[in-house]
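The values are calculated or read from the model by the stated rules, or taken from the named source; none is laboratory data. These numbers come from a predicted model, not from an experiment. All Cβ positions, glycine included, derive from the backbone under ideal geometry; neighbour counts span all protein chains shown.
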Amino acid sequence: MTDIADAAIDILRENDRGTYTVPTKGLYPFQWNWDSCLTALGQRHFDEGRAWTEIETLFAHQWPDGMVPHIVFHKPDDGYFPGPDVWATNRPVPTSGITQPAVAGFALRRLFDRAADRPEAADRARALLPKVAAWHRWFYETRDPAREGLVAIIHPWESGRDNSIDWDEPFARVPTEGIAPYTRRDTQHANPEHRPTKEQYDRYLWLVEHFRGLKWDTSKLHDASPFRVVDPGFNAILIRSAADLADLAETLGEQEIAAENRAFATRGAAAMESLWSDPHGQYLCRDRVTDALIDSRSVGGLLAAFAPIPAHRAARIAETIEGHGMRFRVASHAPDDPRFQSKRYWRGPTWLVVNYMIGDGLARAGQTDAAEAITRASLDLIRTSGFAEYYDPHTGEPLGGGRFTWTAAMVLEFLAMAD
Ligand code: DGY
């Protein structure tokens, strides 16, 4: 074990609340959906049982309709806004009312494939399979009403890339008037210059209040939202999870789940082609309200490599990343775009989870050099700058929260790959 492995394990233990892990103390004091699934991948390196528990806890709070919420508010904590009273989702344990990237299917398969305790892994994976399958079904039923094979997000927080340049245009359609007065807490924990703006927060909250007014009936929210965007990164994660869940279900003899998820993945992968842009050298978001592609070279369109995409597309994505010329790849936005901001959250900084998923996809697509370069840059970044939430892609300056859980988890994964 190297020093950074020990430091990573310390962080994962420190942020462990028993059955779930907080992303970091202070800034994010609850359980976040995709954070937890990726965190389990780190936990498996020192406590396999605990890794399964992380995902099981998340799914214990799945809604009856199949949605898995983006935050589970296990215990009250007024250090975070918007808390349970703002969401008002009326769940036994309070949760938010929107979802997050569906990385659980991928995480489940990886935990199962690499597990040392095979019988335990089979039991725990088998119990989670129908729950993850229900989430995937919910996505295609509620977020793809025209059955095009791609789902839309209805709130930027769902993408996980909260303030990406991708959302600037479609988000302008969301009003800011009429929301209840509020006090942000994030800017008390992290530098406001590195966080979303007030105007963006007003719009985040307008959407929350609008959905709350519709009583969180998730069958209505897609059509009722003025913000509906098809994000290639979000879809790639769902498609990859569907493909992985299909493989896992086959191994475990669950043929119906296997067939359903194989169909989601095949249809989704074919539909991804409609988001490719040759001039941009990557996939783009599509605004589902106007049906137009959004001219924004964010990392969402590179994260598409996490899905089974054609080999020539993966090769082009590898070139695009190389073309960014950033030491600590992968920047969350193309650095030559005038809207790029190297320190502001998802408008430029590097995030280790994104590096991990892009690297994994590129390696599968045969882009070994590009994948290895990402692993090296990621470990280099941690040795230079420690375990931050995100980083300046050029200088490596640590930004946002510190002692960050999923960053630590990804370090353990990268170290295992680099061995
Ligand atoms: C936040 O509060 O910044 C989160 O990203 C929303 O889930």
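Quick rundown of the values:
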quantity: Selected residue (only one of Gly79, Gly105 is small (Gly, Ala, Ser), farther than 23 Å from Asp217 by Cα and at pLDDT 95 or above); calculated: Gly105
quantity: Meets criteria (in a loop (DSSP other than H, G, I, E, B) and touching a His at 6+ places or on another chain (Cβ under 6 Å)) for Gly26; calculated: yes
quantity: Count of residues meeting criterion [more than 13 Å from the ligand (Cβ to nearest atom) and either of a type in the set (Asp, Glu) or surrounded by 15 or more Cβ atoms within 10 Å (Cβ to Cβ) (or both)] in the stretch 89-103; calculated: 5
quantity: Test for Thr39: is it surrounded by fewer than 18 Cβ atoms within 10 Å (Cβ to Cβ) and either in contact with a strand residue (DSSP E or B) (Cβ under 8 Å, 6 or more places away or on another chain) or among the polar types (S, T, N, Q) (or both); calculated: no
quantity: Pick from the stretch 315-339, criterion of a type in the set (A, V, I, L, M, F, W, C), farther than 17 Å from Ile382 by Cα and in contact (Cβ under 8 Å) with a residue 40 or more places away in the chain, ranking: surrounded by the fewest Cβ atoms within 10 Å (Cβ to Cβ); calculated: Ala315
quantity: Any hit, the stretch 349-362, residues being out of contact with any Leu (no Cβ under 7 Å at 6 or more places or on another chain), surrounded by fewer than 24 Cβ atoms within 10 Å (Cβ to Cβ) and not in a helix (DSSP H, G or I); calculated: no
quantity: Condition met for Val151 (more than 16 Å from the ligand (Cβ to nearest atom), β-branched (Val, Ile, Thr) and either at pLDDT below 95 or part of a helix (DSSP H, G or I) (or both)); calculated: no
quantity: When residues of the stretch 369-398 are limited to those that are small (Gly, Ala, Ser) and within 14 Å of His324 (Cβ to Cβ), the one surrounded by the most Cβ atoms within 10 Å (Cβ to Cβ); calculated: Ala370
quantity: From the options Ala121, Ala134, residue that is part of a helix (DSSP H, G or I) and under 30 Å from Ala88 (Cα atoms); calculated: Ala134
quantity: Selected residue [in contact (Cβ under 8 Å) with a residue 40 or more places away in the chain and outside any loop (DSSP other than H, G, I, E, B)] from Gly66, Gly42, Gly79; calculated: Gly42
quantity: Test set (1) at pLDDT below 95; (2) touching a helix residue (DSSP H, G or I) at 6+ places or on another chain (Cβ under 7 Å) - Leu41 fails condition number; calculated: (1)
quantity: Thr368 being without any contact (Cβ under 8 Å) to a residue 40 or more places away in the chain and not small (Gly, Ala, Ser); calculated: yes
quantity: Within the stretch 196-239, considering residues that are among the polar types (S, T, N, Q) and within 16 Å of the ligand (Cβ to nearest atom), the one surrounded by the most Cβ atoms within 10 Å (Cβ to Cβ); calculated: Gln200
quantity: Subset of the stretch 159-195 (residues that are within 22 Å of Pro232 (Cβ to Cβ) and within 12 Å of the ligand (Cβ to nearest atom)); calculated: Ser159, Gly160, Arg161, Asp162, Asn163, Ser164
quantity: Subset of the stretch 17-38 that is within 16 Å of the ligand (Cβ to nearest atom) and charged (D, E, K, R) - its residue that is modelled with the lowest pLDDT; calculated: Lys25
quantity: Residue in the stretch 153-165 that is of a type in the set (D, E, K, R) and surrounded by fewer than 22 Cβ atoms within 10 Å (Cβ to Cβ) present; calculated: yes
quantity: Residue ID - surrounded by the fewest Cβ atoms within 10 Å (Cβ to Cβ), chosen from residues in the stretch 250-272 that are in contact with a Phe, Trp or Tyr (Cβ under 9 Å, 6 or more places away or on another chain) and of a type outside the set (A, V, I, L, M, F, W, C); calculated: Thr251
quantity: Every residue from the stretch 305-323 that is within 17 Å of Arg240 (Cβ to Cβ) and within 23 Å of the chain's Cα centre (by Cα); calculated: Ala305, Phe306, Ala307, Pro308, Ile309, Pro310, Arg313, Ala314, Ile317
quantity: Members of the stretch 11-23 that are assigned to a helix (DSSP H, G or I) and either without any contact (Cβ under 8 Å) to a residue 60 or more places away in the chain or hydrophobic (A, V, I, L, M, F, W, C) (or both); calculated: Ile11, Leu12, Arg13
